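Asker: Provided herewith is a single structure, encoded as structure tokens, for subsequent inquiry.
Coordinate-derived values only; no laboratory data. Note that the structure is a prediction, hence the values are computed from the model and not measured. Quick reminder, even Gly has a Cβ in these numbers, built from the backbone with ideal geometry, and neighbours come from all protein chains shown.
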């Protein structure tokens, strides 16, 4: 079987959310000496790209996205140790967290899944994150973008506190905000670099912000 | 000490634009058979029966955070103490002039103080350590926060029938937060409110959907994947919770309430497809709805976010109405479309945007949104003006009072 056909099969396994099959196919490709970076670029990411577009267009919903992410994770579990030192570069790193006072994480987790599915490294700080935790995370992981999540109208106001604090500490990377009550007007008012209505749009926004940074 | 309206100073009755008193009272009142105007209870009932009352009723659900912001009360007492909770709900109805009261929690333990080991203060609010080892922080603008790691969830493959509860002794209020139902006092708070206000105002209880209990049991992500991994076992668990909830709901009907809200926040398009709604939501919520209707109590489904693609199924469930109907951008439901779909099959309760209109909008935005909804709802009949989702914590009292003004002016 040609290697391209195997990449297609891997992508299909991701799209269908078949995690055991995705793991098996990944192991097979490794056994065939295919570089892990190529497996990621030609099998997993094209699969997750389809998932992202179908999710954006309401052709699939969260359960389907989640099982696709699980399939990708099964494959990445095999690839990641092999990619260390391989020179393969991810698209960028995103530092995500739900802000202080808020323990809701579904939205953040979906953004994380979609970002990883698009070739980004995600550092997830979890929930109930203080401004100091974001600063510490930024110092430790040198992300290309920081994403703040909040579900509640009472906690979304803390996003401004975090942004002001990070800017006062000379953190100049883009900071985006998201969550059910958040809109563009609010994002503008608190000095965020953008917001997105859903996870697929969040990936597009981050890609755009990173591209703008590179140009500058 | 009972809460009193004097504690709040005078209730602001702000005039809007050129509104004058005569306009407020110039309703063509529908009278009862006894020749008197409808009271609030009758007004809401007329709407739920899909008749046209003397004016559009007004009844909003409030977030716990909003209640705490409006009441001079300890958040700890308000959460645990049934009498304080009941007094607070009664007082807020009076302040806002709502036609009814939604009792969102029930089953308070009268001896709740015995469960507390320690109370202390922190910058985030009062900290309560409970006998069962849990620590909770009570701020004054939100639900309490449970500190520490959430207990690990069961995996679908590990769950046996003996792992499932045999009676419903908790309400999954929010992620990681349960409200314990005292089996000896399941409906104490409802009984109190029905006794004090049930003759004049519409009193609604609340139950949580089987799908919510299911996701709470498994964790949200694993629960959603379980629907694909093992749909039959998922349905068995849903069936189990449905039986328990149905029993609780039927018992609740005997308290004398007028309606029960079925809270089902995860059944919208932000989570699952219409196909999954049909398979995993509608049959179970439908059964509960039908059991409640058999007790001659109204029932309405509350699902947040985008539900435009499943309105038909919601109305076909056997419920007497639906509420929330978040408009864009939070959801995707326009009221005129919902009223067309309802087509007198069920009542509609909604759909003023609590965040973008009530919290962030101007007085003019609120009056304009309320007016347009009243006009649509009044024409169609079977409509109750309400915020779509709960009134957000930091919404100012004066903003909520504009809704009352709107129904009196245009309803």
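Asker: Please compute P(r) over all alpha-carbon pairs of the range A:3-83, binned at 5 Å starting from zero, and give each bin as a whole-number percent.
Answerer: 3, 19, 31, 24, 14, 7, 3, 0
Asker: Students often get this wrong: which residues of the range B:244-269 have the backbone nitrogen under 20 Å from the point 7 angstrom along Cα-to-C-beta of residue B:161?
Answerer: In the range B:244-269, the label zone of residue B:161 (backbone N under 20 Å from the point 7 Å along Cα→Cβ) covers B:244-248.
Asker: Further, regarding this structure: How compact is chain B by the rule of thumb for globular proteins, expressed as Cα Rg over 2.2 N^0.38 Å?
Answerer: On the way: Rg = 20.9 Å, N = 411, 2.2 N^0.38 = 21.7 Å.
For chain B, the normalised Cα radius of gyration is 0.96.
Asker: I need to check one value: relative contact order of the range A:92-215, counting alpha carbon pairs closer than 8 Å and at least 6 residues apart, in percent.
Answerer: Numbers: 226 pairs, mean separation 33.1, N = 124.
27 percent.
Asker: Using a basic spin-label model with each label point 7 Å from the Cα along Cα→Cβ, how many nm lie between residue A:184 and residue B:396?
Answerer: Taking the simple label geometry, residue A:184 and residue B:396 are separated by 2.7 nm.
Asker: Here is a further query. Could you work out how far the C-alpha centroid of the range B:321-340 sits from that of the range B:142-181, in angstrom?
Answerer: Cα centres, the range B:321-340 to the range B:142-181: 31 Å.
Asker: Right, something else. Counting only other chains, what is the mean number of Cβ atoms within 10 angstrom of the Cβ of each residue in peptide A:57-66? Kindly include the intermediate steps, with their values, before the conclusion.
Answerer: Values: counts 0, 5, 1, 1, 12, 12, 13, 7, 2, 9.
Shielding by partners across A:57-66 averages 6.
Asker: Follow-up. With the cut-off at 33 Å, report for the protein assembly as shown the share of all Cα pairs above it, as a whole percent. Please report the intermediate quantities before stating the final value.
Answerer: Values: 95256 of 196251 pairs.
Taking all Cα-Cα pairs of the protein assembly as shown, the fraction more than 33 Å apart is 49 percent.
Asker: Please give the peptides A:185-195, B:293-303, A:62-72 ranked by average Cβ packing (other Cβ atoms within 10 Å per residue), highest first, as a rough proxy for protection. Before the final figure, lay out each step's value.
Answerer: Values: A:185-195: 17.8, B:293-303: 21.2, A:62-72: 24.5.
Result, highest mean Cβ count within 10 Å first: A:62-72, B:293-303, A:185-195.
Asker: Next question, about the same structure. Could you pull the Rg and Dmax for the range B:304-401, using just the Cα atoms, both in Å?
Answerer: Reported Rg and Dmax, both Å: 12.9, 38.
Asker: Do you know the relative contact order of the range A:23-155, to the nearest whole percent, from alpha carbon pairs under 8 angstrom that are 6+ apart?
Answerer: Numbers: 160 pairs, mean separation 36.1, N = 133.
Result for the range A:23-155 is 27 percent.
Asker: With an 8 Å Cα cut-off and a minimum separation of 6 or more residues, compute the relative contact order for chain B in percent.
Answerer: Working: 793 pairs, mean separation 81.8, N = 411.
This gives 20 percent for chain B.
Asker: I've got another one for you. Along the Cα→Cβ direction, 7 angstrom out, place labels at residue B:170 and residue B:290. What is the inter-label distance in nm?
Answerer: Label-label distance for residue B:170 and residue B:290, simple model: 3.1 nm.
Asker: Here's something else I'd like to know. Run lengths n ≥ 4 of DSSP H only: what is the helix-derived mean residue ellipticity at 222 nm for chain A, with -39500 (n - 2.57) per run over all residues, to the nearest 500?
Answerer: Details: 11 runs with 125 residues, N = 216.
It lands at -17500 deg cm²/dmol.
Asker: Per-residue Cβ counts within 10 Å, from other chains only, averaged over B:352-364: what number is that?
Answerer: Working: counts 0, 1, 2, 7, 4, 0, 1, 2, 6, 0, 0, 0, 0.
That works out to 2 on average.
Asker: Could you compute the FRET efficiency for residue A:90 and residue B:111, with r as their C-beta to C-beta distance and R0 at 41 Å, rounded to 0.05?
Answerer: Numbers: r = 56 Å, r/R0 = 1.37.
Plugging the Cβ-Cβ distance into 1/(1 + (r/R0)^6) gives 0.15.
Asker: At 222 nm, what helix-only mean residue ellipticity would chain B give, in deg cm²/dmol to the nearest 500, using -39500 (n - 2.57) for each DSSP H run of four or more? Each step should come with its number before you reach the end.
Answerer: Numbers: 14 runs with 152 residues, N = 411.
When only DSSP H runs of four or more count, the value is -11000 deg cm²/dmol.
Asker: For chain A, evaluate the Debye formula with one uniform point scatterer on each Cα (no solvent term) and list log10 I(q)/I(0) at q = 0.09, 0.11, 0.15, 0.17 Å⁻¹, rounded to two decimals.
Answerer: The calculated log intensity ratios at q = 0.09, 0.11, 0.15, 0.17 Å⁻¹ are -0.37, -0.54, -0.94, -1.13.
Asker: When Cβ neighbours within 10 Å are restricted to other protein chains, what is their mean count per residue of peptide A:177-185?
Answerer: 3
Asker: Related question: Counting other C-beta atoms within 10 Å, which of A:207, A:153 has the fewest, and how do the rest follow?
Answerer: Numbers: A:207 17, A:153 27.
Final ranking by Cβ density, sparse to dense: A:207, A:153.
Asker: To continue, here is another question. Based on the Cβ-Cβ distance of residue B:140 and residue B:343, what FRET efficiency does E = 1/(1 + (r/R0)^6) give at R0 = 60 Å, to the nearest 0.05? Each step should come with its number before you reach the end.
Answerer: Details: r = 44 Å, r/R0 = 0.73.
So, using R0 = 60 Å, E works out to roughly 0.85.
Asker: Taking 7 Å along the Cα-to-C-beta vector as the label spot, tell me the residue B:250-residue B:74 distance in nanometres, rounded to one decimal.
Answerer: 4.0
Asker: Once the principal axes of the Cα atoms of the range A:92-215 are found, what is the range along each, listed largest first in whole angstroms?
Answerer: Sorted largest first, the three principal extents are 34, 29, 26 Å.
Asker: Among B:285, B:398, what is the fewest-to-most ranking by other Cβ atoms within 10 Å?
Answerer: Numbers: B:285 28, B:398 13.
Going from sparsest to densest Cβ surroundings: B:398, B:285.
Asker: Further question: In chain B, what percentage of the DSSP-assigned beta bridges are antiparallel, given to the nearest 5?
Answerer: Close to 40 percent.
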